[in-house]
Amino acid sequence: MKKPSRSERPETRVGRISRREFLFGGLAAALPANRAGRADLRIGLLLPPGPLGPSILRGAKLGIAEADSLAQMFGKRIDLALSPVPGREGVASVASRLIKEGVSVLVGGGGERAAEALREVAREGKALFLNVGSASDRLRTELCDRHTFHVHASVQMHVGAAGHWLIEERKLRRWAVLSESDEIQRAVVAFAEARGATVEEGAQAVSGATDWRPTLERLRAAKPEALWIGLRAQTVPGFLQQYGRSGLAGELVGITPDATGPPKLGRAALSGIWPVMWHHTLEKYSARDLNNRYRRRFGDGLDGANWSAWAALKLVGEAMLRAGTTPQALLEYLESDPPFDGHKGRPLTFRKWDHQLRQPMYLAQARKAAPGESGPSGVEVITEVPRGDLDAIVLPPKDGGCLRL
Amino acid sequence: MKPGAIVAVLGCAVSAALGVRPAGAQPFAYVSNEWANEITVIDVATKTAVATIPVGKRPRGLGLSPDGRHLYAALGSEDAIAVVDTAARKVIGRIPAGSDPEMFALSPDGSRIYASNEDANSASAIDVRARRVIASVTVGIEPEGVAVSPDGKWIYVTSESTHTVSIIQSRPFKVATTLLVGSRPRETAFTPDGSRAYVTAEIGSTISVIDVRKKAVIGTIKLEREGARPKGVVVHPNGKRAYVSTGSGNEVAVIDTETSRVLSYIPVGRRPWGLALTRDGRLLFTANGVSEDVSIIDTETGQVVATVGAGKGAWGVVVGQ
């Protein structure tokens, strides 16, 4: 067997993040003697390249600190094995090595391909994979697997959150969609068809496009009440600038399901409504407490990717205490509808037919400027969606769902 | 007549002459109004609001001294517990209580206040007379509810984010053990004989039953009710019923403590939070945060017999004896 190169070798000790940093004050002093021994559960964290990696890492640091804190109270120990992923092709080999080294749970998945690779490794190694970085609907349908659980909200949930709000709150049912992603376009069309809205104009955006005038003219003719955009982060500023100049008046909805949040643009440049999993200004239902804990540790606000990673680590830690340490025990526990407290004010559970964590989403928009205020806008949450049944933002499964449990 | 009794009679006469109602002459209920920064005083006999007491910023958890003369109110935005003279109906002092105090409990003799410190993941024992923290222990993350066993020996502190109850010995003040309970535990209530404790879990929608002597969870009661988020809990003086407020469920669950079964749900105001019973257990008060009122329930009939307006964000309630 080929020996992995140095760059592929995972960092399998917590050591790179100081152990002290993980522990909560006096709890360390109360450890039972057996804590010096082998960890009761090892979790492998695979960090994707790009901006998502550091965001996932920070959320995971808070998550493992809290999970380990709880474990310590009962004489248990959880270790987190960290590994940056050397390109998409390296994901599978790093994940396989982690499993051979005793990791029972893989956490990661920056983008669909990486998540797909982790799903495959977890399935073959009979480990668990908690997806915290890919919104791909394909992973939750045709590629679903019993060993994979999705903490990160899907494309359909992002679309469903905004779609539900457009239909139920704004009464806007005539839509257009402009997307560089087939998946986002499909999700918008499917949600519209299922909920009595229509898509007047569906355009596949050309990647790297800079001149949006022809598209905007078509939109002017179609006169949609709402325009959905699913564009890459680097494409969004140019489009929003030309859209703003065009004088088109429909509601704008931006979908960035794999990003850490809406594009960080200046106040004048960011427009529209953006569905997010979390926001650092949330206060209700103990969200303030979680935001404060994160802020105390890192000095800034918790975003959606931070939240996903925090939630995954916390979930696994709690599952270990309540169910046991083997992947099978953890899997059966997560499938048994345990209510997870994600600081969103209601119990969050994994849906049986696709293993997606059911959760409320939030709609964010650029914060209005105070008189004389300039500079980056930041965003603010305008509402939580849905208010009632969490399945109101997803479509019913075809043929009973991928997993047919 | 003994000298002490003479002093008491004279005291009552002077109070009456001054128009000051002596503490304990008749029971009053006190309701903290989180966003109105005041306490609503309800006359239990007439079931009407008779006064409001400005108390400080963000009052939530409440407690009464055993003699009923002092009402304590946790002031979340002032890092203190206000001390209210119940006869004069005014704040007479403040006790430092750490960052953002939310809930606390008084020892049966009234000499100590036990408080949770959310930001510090700790619980503290405060000497009431000295008005200072005399001991502190580490508990789980996001500590919240505090309750003291009837014999004063044990303090139970719930920690919302670790889903734990820290069982703390009062003297010396140290953690004896920690139990895992339902998701997001909020409050604890003991049976009058101190043999059982009931712990509500808001996200788990459960009530854990703890054997106090064994320090072990011996049962879990699930509220199979849409939207039920268990928060407040009290046990009837006869020990046969426990009452649980269900928050966004807008009801009070009535539990048979012998069978651990839910007997009924009583509709009350919107978002019932704190609960309190009269000494004889005949009336149950619920502080309703969203409807900003108090539902008064006749525990024999299970019916709301009065609704009394309170202030914005009605949160906690205690009843004088």
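Just so you know, all these numbers are worked out from the coordinates, no wet-lab data involved. Source: prediction; values computed, not measured. Note that we place each Cβ from the backbone using ideal geometry, even for glycine, and neighbour counts take in every protein chain shown.
Under the criterion of Cα pairs below 8 Å and six or more residues apart, the relative contact order for segment A:41-147 equals 30 percent.
Peptide A:386-397 shows a mean partner chain C-beta count of 0 within 10 Å per residue C-beta.
In debye to the nearest 20, how big a dipole does the protein assembly as shown give about its Cα centre with +1 on each Lys and Arg Cβ and -1 on each Asp and Glu Cβ? Present the calculation step by step, with values, prior to reporting the outcome.
Details: 92 positive and 76 negative charges, 294 e Å.
I would put it at about 1420 debye.
Residue ranges A:127-140, A:213-226 sort as A:127-140, A:213-226 when ordered by packing (mean number of other C-beta atoms within 10 Å per residue, highest first). For the residue pairs A:LYS344/B:LYS214; B:LYS47/B:LYS90; A:LYS284/B:LYS231, the alpha carbons lie more than 23 Å apart in A:LYS344/B:LYS214.
Sorted ascending by nearby beta carbons within 10 Å, beginning with the fewest, B:SER159, A:SER308, A:SER179 become A:SER179, B:SER159, A:SER308. Summing Cβ point charges (Lys, Arg +1; Asp, Glu -1) relative to the Cα centre of segment B:189-321 gives a dipole of roughly 360 debye. Counting beta carbons within 10 Å around each of A:LEU46, A:LEU231 and listing the fewest first gives the order A:LEU231, A:LEU46.
Would you please put B:295-304, A:162-171 in order of how densely packed they are, using the mean number of other Cβ atoms within 10 angstrom per residue and starting with the highest?
Answer by packing, highest mean first, reads A:162-171, B:295-304.
Bridgeable lysines around A:LYS171 (alpha carbons under 22 Å apart, same-chain partners fewer than 8 residues away excluded): A:LYS223. Look at the stretch B:155-163: the mean tally of other chain Cβ atoms within 10 Å of its residues' Cβ atoms is 4. 3J(HN,Hα) along segment A:311-324: 5, 4, 5, 5, 4, 5, x, 5, 4, 4, 5, 8, 10, x Hz, from the Karplus curve 6.51 cos²θ - 1.76 cosθ + 1.60 with θ = phi - 60°, whole Hz, x for Gly and Pro. In this Cβ point-charge picture (+1 for Lys and Arg, -1 for Asp and Glu), segment B:249-321 has a dipole of about 240 debye about its Cα centre. Within 10 Å of the Cβ of each residue in A:65-75, the mean number of Cβ atoms contributed by other protein chains is 4.
As a rough footprinting exposure proxy, the listed residues B:LYS174, A:LYS126 were ranked by other beta carbons within 10 Å of their own, and the order from fewest upward is B:LYS174, A:LYS126.
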